[in-house]
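Below is one structure, written out as structure tokens; comments come after it.
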Amino acid sequence: MAVRTGGISGVATFLPALGVALLALAGGAVAGYAPPPQGEMAVVFAPWVGESEALRTVLDAGGRFVGPSRFGNIVVAYGLDAGFGTRVRAAGAWLTMAAEGLCSPHPRRTEAI
């Protein structure tokens, strides 16, 4: 018969390592999707914001519309200056990020004529 002498359970011993791994993954994701100071970037709005409202906000903040993304509340914009990200977030965008991966411009579909 095994006698338990107390101490930390097996799963609890891995919690610090799990926490460090999650922080490293989150830090990598933030660094990998950090928007450029100016240029092409994805602008993320609240899920209930439609594409037309998002487009108007981007234009009002001094950006240019590049194209839609795979999601209606994310548009790909071109910031002409380094202050665009700050202005568009002040106007209601949640965040700006690099326009790649799921936030890249939606590929245009071509149809045979």
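The values are calculated or read from the model by the stated rules, or taken from the named source; none is laboratory data. Bear in mind the structure is a predicted one, so any value in this text is a computation, not a measurement. Quick reminder, even Gly has a Cβ in these numbers, built from the backbone with ideal geometry, and neighbours come from all protein chains shown.
Here Y33 meets the list (1) touching a strand residue (DSSP E or B) at 6+ places or on another chain (Cβ under 9 Å); (2) modelled with pLDDT of 75 or more almost entirely, failing just condition (2).
Out of everything in segment 48-72 that is assigned to a loop (DSSP other than H, G, I, E, B) and modelled with pLDDT of 90 or more, what residue ends up being surrounded by the most Cβ atoms within 10 Å (Cβ to Cβ)? Within segment 48-72, the match that is surrounded by the most Cβ atoms within 10 Å (Cβ to Cβ) is A61. Checking each residue in segment 77-100 for being part of a helix (DSSP H, G or I) and either at pLDDT below 65 or surrounded by 12 or more Cβ atoms within 10 Å (Cβ to Cβ) (or both) picks out F84, G85, T86, R87, V88, R89.
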